[in-house]
1. Hey, any idea what Rg/Rh is for region 212-432, computing Rh the Kirkwood way over Cα pairs?
2. Can you work out ³J(HN,Hα) from phi for every residue in region 441-453, in order, using Karplus 6.51 cos²θ - 1.76 cosθ + 1.60 and θ = phi - 60°, giving whole Hz and x for Gly and Pro?
3. Rounding to the nearest 20 debye, state how big the charge dipole of region 35-207 is about its Cα centre with +1 on each Lys and Arg Cβ and -1 on each Asp and Glu Cβ.
4. Would you kindly compute the Cα radius of gyration of region 35-207 and its largest Cα-Cα separation (Dmax), both in Å?
5. In debye, nearest 20, what is the charge dipole magnitude of region 212-432 about its Cα centre with +1 on Lys and Arg Cβ and -1 on Asp and Glu Cβ, if you could check?
6. Provide the per-residue ³J(HN,Hα) series for region 102-107, in order, calculated from phi with Karplus coefficients 6.51, -1.76, 1.60 and θ = phi - 60°, each as a whole number of Hz, with x at glycine and proline positions.
7. Taking one equal scatterer on every alpha-carbon of region 37-136, how large is log10 of I(q)/I(0) by Debye at q = 0.18, 0.24 1/Å?
8. Which whole-Hz couplings ³J(HN,Hα) result when phi for each residue of region 489-503 is put into the Karplus expression 6.51 cos²θ - 1.76 cosθ + 1.60, θ = phi - 60°, listed in order with x for Gly and Pro?
Amino acid sequence: MKKLTLILSLIIVLSVGSNAQDTTFNTTVFPIQGTTSITSIVKLNNLYYMSIANIDTPNILISTYGILKLDSLFNITDTSIIHTGKYIISNRGHGFDINKLDTSFIFAGLIRYANTKENGYLVKFDKNLDTLWTLQIPHPDTTYADTSATPWVALRDVKVTPSGDYIIVGNYNYHCQGNRNRSFIIKMDSEGVIVWYRFLDMDVYQGIIKNFEIDSIDSGFYFTSKNNGKSYLNKYDTNGFLLWSNLYTTTPLTFTLTDIKATLNDIFIVCYFVIPPFTNQSIPRLSVSCINRQSHMLKWSKKFYSISVTSNWLNQETLDIEITPNGNIAIGSVGRKNTSNNFTADFRAQILMLNRNGDSLWSRYYTYNDNSMGAEDMQFNDMVVCPDGGLLFGGDRAYNAQFLDAWLVKTDSMGYCPYAYTVGIEHNELIISKNKLSVFPNPARDNINFRFSRNLNKNIKLSIYSASGTLVKQQKLNEFDFEYRVNIGELSTGIYFVSMEADGEIVGRGKFVKE
């Protein structure tokens, strides 16, 4: 296991000048001896709080958990570590949140006893990172748990509601047998008192639930599930009752690991899928969907074949979706390095940037300091958007087959930083479009042509968006057949995205460059 020396200095970043807006870095973090990973990040104003995993060296059978506090210049200003004498396991990318009403923090994970019994574990911290209370969630099958050698419970995610209560998602093994295969949802007040406890029907919600999203408007929440091979987005109210459930993708072989972000008008979902037929060698790929918040119907869904989602650690794939200040969609994940020929065996952090219509703007992958084959594997866990539009993300670095370092990266608004590499993103496919749209000439100067692969004979609404997602031109194309020419002379030089709608449905999308 990793051996670290205590670093007394709390400063981890060399800023460019004194302005955090200009800062980019790619560094490993050693706040205390034994720190192995940055598992989650939350932001409040210009301060950043990170949950960390820690090995209690030299006793590697004891795992601890802690929090780091960073100022606006990304200097560590405070730390807090929980010592229980037991093995605490945190969640990658989830299970850590901040209550903005009183600047308190909540952690959710599991605590292990003698390598067999596992309880759900909650810790609440105050604004000074001091522990207020801890709470264990035992196995719900109490008849079996008292005599079984393997009662396993894990809390997967916790979120703070607008009123300051907690919603918690957990998994357990039914009748204390086998792996965790059932899910439950708990609501607690700020003092840890259970308000309600709901078990999810395994016949309806197939596959365990690992995370969810709070609705900031009505304090309800969203999570995804599978049923008979189909993927659903579920909306529950604040009392834990189902309001509605709709398909969010038509892609087969979609996994239940997702991340969700609800905005005023839309709900964005990122997940991953495999290309049929599924085998043990299949490499999962990234998929992104958008649901209309009012109608609950699918607006668009895209697959990105050039971006894989897989981790160096078993079942530790992570996905994160964040909205930037200009409304773009940032998606973070971990996957295999993409080269011009194929995916390699090396694992890298990845970020994909889309505009609000799902058009890809750029994609990068990241390593710490050596991109050569077999040198190091990276794990992306979580990220937040910084005031300058850049991204701050954390995870860990594995090297020499046994060492782990906590890893922290700050990019600029275009995703650049030391050891950032560009990924080709021209292989994304619009799933709901069944008629291929060609856009030419490309680049174009005064006029551009749109041609479909088959005759439409419909009235089309053409919308053209800038790279930031701003609508810059809209035009009706009456009785659209195979081809139509549109004047774009008034548009500025740059990249533009095209959306074509007929009878209330998107029938084609494209992209062009205006010279």
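1. When Rh is taken as the Kirkwood radius, the ratio is 0.96.
2. 3J(HN,Hα) across region 441-453, in whole Hz: x, 8, x, 10, 10, 10, 10, 9, 10, 10, 9, 9, 6.
3. 300 debye
4. 16.4, 53
5. 620 debye
6. For region 102-107, the Karplus curve yields 9, 6, 9, 10, 10, 10 Hz.
7. Results for region 37-136 at q = 0.18, 0.24 Å⁻¹ read -0.81, -1.35.
8. Residue by residue, region 489-503 yields x, 7, 6, 6, 5, x, 9, 10, 10, 10, 10, 10, 10, 9, 6 Hz.
Here, each number is a calculation from the coordinates, and none is a lab measurement. All figures in this text were calculated on a predicted structure; none of them were measured in a lab. Ideal geometry is used to build each Cβ from the backbone, glycine not excepted, and the neighbour counts take in all protein chains shown.
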